[in-house]
1. Can you find even one residue in region C:123-142 that is surrounded by 20 or more Cβ atoms within 10 Å (Cβ to Cβ), within 16 Å of ligand 3 (Cβ to nearest atom), part of a strand (DSSP E or B) and facing another protein chain (nearest Cβ under 8 Å)?
2. Kindly provide the set of residues from region B:188-203 that are away from chain A (no Cβ under 14 Å) and either among the aromatic types (Phe, Trp, Tyr) or part of a helix (DSSP H, G or I) (or both), ordered by number.
3. How many residues does region A:133-158 contain that are of a type in the set (A, V, I, L, M), part of a helix (DSSP H, G or I) and within 12 Å of another protein chain (Cβ to nearest Cβ)?
4. All but one of (1) in contact (Cβ under 8 Å) with a residue 60 or more places away in the chain; (2) crowded, with 18+ Cβ neighbours inside 10 Å; (3) over 25 Å from C:Asp263 (Cα atoms) hold for C:Ser181; which doesn't?
5. Restrict the check to region B:313-335 and report whether at least one residue is away from ligand 1 (no atom under 12 Å from the Cβ), part of a helix (DSSP H, G or I) and buried (at least 24 other Cβ atoms within 10 Å of the Cβ).
6. From the residues in region B:250-259 that are within 11 Å of ligand 4 (Cβ to nearest atom) and away from every other protein chain (no Cβ under 13 Å), which one is surrounded by the fewest Cβ atoms within 10 Å (Cβ to Cβ)?
7. Restricting the search to region B:269-291, which residues are away from chain C (no Cβ under 12 Å) and within 13 Å of ligand 1 (Cβ to nearest atom)?
Amino acid sequence: MPTPMPIASEAGASARVPFADPAQQHEAASAAMWVFLSTEVMLFGGVFAAYLWYRHADPAAFARGSALLDAPLGTVNTAVLLTSSLAMALAVRAAALGRRRPALGWLAGTAVLGLAFLAIKLLSWRHEWTRGLVPALHAGAALAAQPRVELFFVVYFIATGLHALHVLAGVGALAVTGAALARVRDPGRWNPIELTGLYWHFVDIVWVFLFPILYLVR
Amino acid sequence: MTTAALERPQPSYLAAGDTLRSWLLTTDHKRIAWLYLVTITLFFAIGGAAATLIRLELLTPQGDLVSDETYNKLFTLHGVIMVWFFLIPSVPAVLGNFLVPLMIGARDLAFPRLNLLSWYIFILGGAFTLWAMVSGGVDTGWTFYTPFSTMFSNTHVVLTAVGVFVTGFSSILTGLNFIVTLHTLRAPGMTWMRLPLFLWSLYATSLVMVLATPVLAITLVLIAVERIARVGIFDPALGGDPLLFQHLFWFYSHPAVYIMILPGMGVTSEIVAAFSRRRVFGYGFVAVASLAIALLGFLVWGHHMFVAGESFYANLVFSFLSFMVAIPSAVKVFNWTATLYKGSIALDTPMLYALAFIALFTIGGLTGLYLASLPVDVHVTDTYFVVAHFHTIMVGGMVTAYLGGLHYWWPKMTGRRYPETWGRVAAVTLFLGFALTFFPQFALGYLGMPRRYHVYPPEFQVLNVLSSAGASILAIGYALPLVYLIASLRGGPTAGPNPWGARGLEWTVPSPPPPGNFATIPRVTEEAYAYTDADRE
Amino acid sequence: MLPQASDYAARVDALFLAVTGVCVAFGVPVMVLLATFCIRFRRGRRVNRRGVTRHTLPWEITWTAVPTLIAIGMFVRAAGLYASLTRPPEDALEIAVTCKQWMWKFQHPTGPREIDALHVPAGRAVRLTMTSEDVIHSLYVPALRIKQDVLPGRYTELWFRATRPGSYALRCAEYCGVAHSRMDGIVVVLPPEGYAQWLRAGGAGPDSTLAARGAVLFRRFGCSGCHRDDGRGAGPSLLGVAGHDVPLAGGRFVRADDGYLRDAILLPARDVVAGYAPVMPSFAGQIGEDELFVLLAYLHALGRAAAPDAAPPATLGPGASGAAAGTP
Amino acid sequence: MGVPVPDPVSRPLTRPAPPAVATLVGAWLALLALLALTVTLAHVPLGAWNAALALAIAIAKALLIVLVFMHVRHASRLTQVFSALGFVWLMVLFSLLMSDALTRTPLSPWP
Ligand code: HEA
Ligand code: HEA
Ligand code: CUA
Ligand SMILES: [Cu+2]
């Protein structure tokens, strides 16, 4: 029985069974990543749909809810995440050119920015907690008797929570990628880093939409 | 691969080890197909047991066999198990897994380990659901309508939701694997327009799995959050809107009904071609119809909500689109029928199943047109008319196609032949049992018997007794193949590589195939179903 | 056979038959051809099997186009009938329906209330405005061929004109928990005189109408303190409001239908009337669904009482700080 | 069918040259500029245009990321199609979903 080689195998001389050659394997891996990202789009899509539905049901309540968020913090966080995407793109580029050390450096930079994003996110959740904006767990006066404002925060926490989980998973993926990249023989012909990059950029895109619809509602 | 490998007969994939470990850690798509086959058969038995109890209870108008609570848990369990743990994985995960690489001339699916992982995820989801079941069950119906499911039911909703959620990822990963495999691993010369129609239908199915299932996943998460945290998402008392839940649920579940029919259509195309020794009439149209069904299938979900409080205009739009989604199905039915013309038709067991599929899918599909007609749906929605509609398509159609496919490829999977006479007897029994079980339900629905009724007005008893009688015939019909197929594993006569004289790459390799499928990767030089006049003489 | 208790029911049955006709026209030929081909071209029979065509396009076009046209025809016909289901006549008898696990409650405008039974006059249009106190239910009267889900937190509506006196089953068609299958009742269609008699026996009278009881509630809940007929309270006068367009802060206009009035009482912050401060407290949790219907009946009476006053609420009472409500 | 032939010749892994650093940094600067723009615009009262502009800017940002950072500009046709798939489907969900919410009317919608 043919035992396939590990998925993150080096696409050097030979390809993993069932692939005929490295090019085919690469094609498959990147197609798989894109299909996977489509499923992610639909997963977040459900949350966006709920947002759309309830914002339409009560626009004023959503504006009131949004006004309670810490917009400056959100803006800084957006910048952080956009910058991390640049770092990721540079890491992919360096790896493609076969430059291992710069690639590792940019990867580390991406991860640090990702963690910074999470730290800032935690900080802003803390703010919301202290101001009693957390439905069910810590709902203060701002939410009292305002079910639709509370709904805004339910959507807010689900959306940002799901997104934060994805960032966390992304940081994990960066670590695994970095560790593998450090060992691989020929970084220039090694493609998993591209896939990690695609995933990271996708997570960034989700935030690009979450930011205005959560923080900038008027 | 050397040429020497060509001559040397390779041991079959079944001989590649018979320890439990060799099965549970296999990455061979053919063995994974067996893992699914065994597990979904178990789930079918559980779902069937629930159906049996339902039909027994409905023998009398009073609720005398089980309590209300138990009855409600029974049909919920029946629906959940049958849909997510039997019918959705049935053809794709069993036959699809086995055949996709064989039919395109590949050694395996693109991601064999992911394929195994899908099965484990499926098992995990099943475990959660069974856990929910043994620890008391769940009584929301398979549709989990809010606010009943989130605020009123005091059964194991979250556990069940977790089970279905987890299983969803199994189906996403299977779909992803198929899509990538079909794009990248087709043998040289296997162009899209040479692809067997079974693969076109699986490709369309996979698209639906990949694009619809995530929405179900997030919806179930929202249910769990609302139920655990008691915050309003779908509960109007807390500012939410139950219609949003219904929209999200049906955005998945209507496309999901096409997950539950497209693969059956693919199986039927294969069987009809093989047993008429004819290329499927209008191959290109049948292929494209699969994609059309998958795409249009995403646009009609609102037809489940005609009386739910959906807007008048939305109702019109969804009704219109529901009529339109029938067109590609119509194209398929007509093309299958035309394929028989001037064919050389052998009424072997698989063909009997395929014919039953065409007939019952047509009937079931046509009853869908009643439901798409707004005023008729207003009358019969949430009655046994709907129950009959979907059982006709899902049991009469898809389960039939699944059994047909199982019989057709059984020699390939096992290297053995099943007893043909018993096969035909079972097929006919199933057809008759089916008709007796579900045709009376159309009448019940029209007469106004709502579904999910534990007790019912006495005037409906006669039709219900007929239906229950049919179900017992149906049960015999299902038990037969279970017995003789298992028996054939040991005693059945060996089958050659191509017992049916059919075309297709899967019939060019030994039965059962060796682990790597092909000694060398074939080069495809002709279209699918290239039967000649000589084949028909 | 299922009785047809209204003209509409007869038309649904006609449509049902028409759909059946189409299905037979398509289904039967398919079955017959399947059988014929299986017999005629059975393997082993000596028949001419040569000349299998590959030129399928004309066939494909035919059997795509014909069903498409017929499907469009079916849609049009069905949609036409359905539209009539959404157009109740103006003079319909308004009945308020509240349901909960597992019972139906009906309130007649003239006062009588009943449970699990609904008495209506034959020949007169009846319009049901419905809401649920807990989960989703569905009001289904097979003999009338009508059904509509009843949702919590929202009004849904249904109308019919029963023509044939008699009593007909009423069932709950949306799964709603343990006793779903026993949440049934009857619809009794009476000749008009019979209905009038039934009303009298049920205690209908000028003081017991919903609107009259609503006036009492309006005072009891303290609405009248803010909503004075002369408009000099904290809130707008409600004369001529129900059933008419009201201006909202932000410049939009909205028709004050039942849904709007309901939200105005339970979720007052959602749509604020132009020129008023959002000071009205929410009455969610304090007013039951039955009482809300009673209040609405009174608001409708007020709505009919005076033609809408075109004058802007210039002469307002205390709370009218327009700026605060103007731009959110 | 299927004359056996040896496995096809192994194709080497070829990839388009990675984008220049200047392109990447340029895209990043553009992203930050768009961020600044959207935050600024949010403070200008434009009524319904606020939401529309915020959305348009978000789409522009997403396109930049997809086309430049994710290399879709130079990717294969298949990748381009798949990269759009999820978004197109989301629009299907949104449009038909809102077809209900936006057309809610009480009974008697046809005068
Ligand atoms: C495999 C499963 C499957 C399939 C394939 C279908 C196919 C179709 N379904 Fe069905 N359906 C279900 C499973 C399925 N359904 C389930 C499970 C439910 C209920 C869920 C629940 O509430 O629990 C349901 C409910 C359901 C409803 C909602 C009923 C209600 O609850 O009120 C509607 C309404 O429009 C509907 C319509 C259709 C239509 C138009 C098709 C079409 O795709 C059918 C197309 C096929 C044909 C039409 C036959 C072939 C055509 C010809 C021979 C030519 C003639 C054609 C023309 C003239 C157009 N279905
Ligand atoms: C998806 C597939 C599927 C399948 C295959 C079936 C199969 C059957 N279903 Fe099911 N059904 C649903 C999907 C399915 N159903 C759904 C989604 C619902 C809606 C649930 C809801 O409302 O929420 C439903 C609801 C439903 C109802 C309505 C309940 C109600 O509304 O109150 C009824 C009533 O008759 C019914 C009957 C049957 C019968 C008799 C079969 C028969 O075909 C089953 C026959 C099988 C057997 C009898 C077992 C066979 C025997 C063996 C395999 C051997 C046994 C071996 C061992 C025990 C070791 N089903
Ligand atoms: Cu109330 Cu079912
Ligand atoms: Cu459907």
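The values are calculated or read from the model by the stated rules, or taken from the named source; none is laboratory data. Quick caveat: nothing in here was measured; it's all calculated off a predicted structure. Heads up, the Cβs are rebuilt from the backbone with ideal geometry, glycines too, and the neighbour counts pull from every protein chain shown.
1. Checked region C:123-142: at least one residue is surrounded by 20 or more Cβ atoms within 10 Å (Cβ to Cβ), within 16 Å of ligand 3 (Cβ to nearest atom), part of a strand (DSSP E or B) and facing another protein chain (nearest Cβ under 8 Å).
2. B:Trp192, B:Met193, B:Arg194, B:Leu197, B:Phe198, B:Leu199, B:Trp200, B:Ser201, B:Leu202
3. Result for region A:133-158: 6.
4. If we test C:Ser181 against (1) in contact (Cβ under 8 Å) with a residue 60 or more places away in the chain; (2) crowded, with 18+ Cβ neighbours inside 10 Å; (3) over 25 Å from C:Asp263 (Cα atoms), just (1) comes out false.
5. No, every residue in region B:313-335 fails to be away from ligand 1 (no atom under 12 Å from the Cβ), part of a helix (DSSP H, G or I) and buried (at least 24 other Cβ atoms within 10 Å of the Cβ).
6. Taking the candidates together, the pick is B:Ser253.
7. The one that is away from chain C (no Cβ under 12 Å) and within 13 Å of ligand 1 (Cβ to nearest atom): B:Ser290.
Here's the yes/no breakdown for (1) outside any helix (DSSP H, G or I); (2) touching a helix residue (DSSP H, G or I) at 6+ places or on another chain (Cβ under 8 Å); (3) in contact (Cβ under 8 Å) with a residue 60 or more places away in the chain:
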{"position": "C:Gly51", "(1), (2), (3)": "yes, no, no"}
{"position": "C:His55", "(1), (2), (3)": "yes, no, no"}
{"position": "C:Val66", "(1), (2), (3)": "no, no, no"}
{"position": "C:Ala79", "(1), (2), (3)": "no, yes, no"}
{"position": "C:Ser84", "(1), (2), (3)": "no, yes, yes"}
{"position": "C:Val97", "(1), (2), (3)": "yes, no, no"}
